[in-house]
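Working notes for the structure below.
Nothing in this text is a laboratory measurement; each read-out follows from the coordinates by a stated rule. Note that the coordinates shown come from a computational prediction; the quantities given were computed from them, not determined experimentally. Counting neighbours? That spans all protein chains shown, and the Cβs are built from the backbone with ideal geometry, glycine included.
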Amino acid sequence: MSLKIEEISLKRGNRLLIKGLNFSLTKGESLLLTGPNGVGKTTLIRSIAGFIEPLEGKITYQLDKKANNPTSNSEDDIREHIHYIGHKNGIRTSLTVLENLEFWQSFFSSSADLKKIIKTYYLESLINIPAGYLSAGQKRRVGLARLSIIERPIWLLDEPTVSLDKMSANIVANAANDHLKKGGILIAATHIPLEIPFTQHIQLSKNIEQDWEDII
């Protein structure tokens with residue numbers, strides 16, 4: 001399994017954020033994205049997830065079960081194999097915590113052990129509470145539990161520890177480390193240090209002065 005980014009350039013509005021970026025990841029490898037707000041961390045992650053079309057360059061990946069195929073860059077394909085955790089938690093506030101977890105398990109035909117996941121993410125006392133009544137940190141833990149319910153080889157985490165205390169941040173680190181040990185790929189953008197042995201680090205900076213109009 002591999003994920004390859006070649007000469008990718010990205011813009012937001014009329015501003016060029018990233019130009020000619022290259023990196024590649026394979027089984028068990030991870031990338032840490034850092035840099036001040038507004039430099040393109042979220043835009044890059046959303047582009048890899050298939051939500052934003054790159055201005056230039058290619059995003060390609062190859063899965064083990066497709067070893068005979070060269071590469072694929074179809075956003076419909078890649079979405080089948082990634083976990084994207086953005087700034088929103090993706091939970092239904094009208095459903096209880098347990099109902100949210102059961103929905104994900106049923107929708108994705110998962111055989112995950114919900115009892116174990118509830119314990120891992122410290123949700124035991126919350127399972128019968130509508131998600132709309134939870135604190136920001138509690139909602140984040142519910143959203144992150146999706147990582148353990150559905151097994152997918154590529155994790156894209158954008159500020160995964162937002163609203164979390166230190167104990168809850170360790171949950172994220174432990175889940176990510178288990179994912180990497182199983183041969184998964186991880187890309188995480190964060191301002192907060194995570195107890196994850198990242199194999200690569202890219203620090204984005206505000207050093208691109210060109211506007212979109214300047215490069216057409």
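Return yes when Leu123 is out of contact with any Lys or Arg (no Cβ under 8 Å at 6 or more places or on another chain) and of a type in the set (A, V, I, L, M) and no when it is not.
Numbers: out of contact with any Lys or Arg (no Cβ under 8 Å at 6 or more places or on another chain): no; of a type in the set (A, V, I, L, M): yes.
When the stated conditions are applied, Leu123 does not pass them.
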### Message
Test of understanding: among Ile185, Ile171, which residue is surrounded by 12 or more Cβ atoms within 10 Å (Cβ to Cβ) and either closer than 25 Å to Leu17 by Cβ or of a type in the set (S, T, N, Q) (or both)?
### Response
Ile185
## Note on the structure
Counting only residues that are assigned to a helix (DSSP H, G or I) and farther than 17 Å from Arg141 by Cα, region 99-109 contains a total of 2
## Note on the structure
Over region 84-100, the set of residues buried (at least 17 other Cβ atoms within 10 Å of the Cβ) and touching a residue at least 60 places away in the same chain (Cβ under 8 Å) is Tyr84, Ile85, Gly86
### Query
Name the residues in region 89-109 that are within 13 Å of Ala145 (Cα to Cα) and small (Gly, Ala, Ser), would you?
Gly90
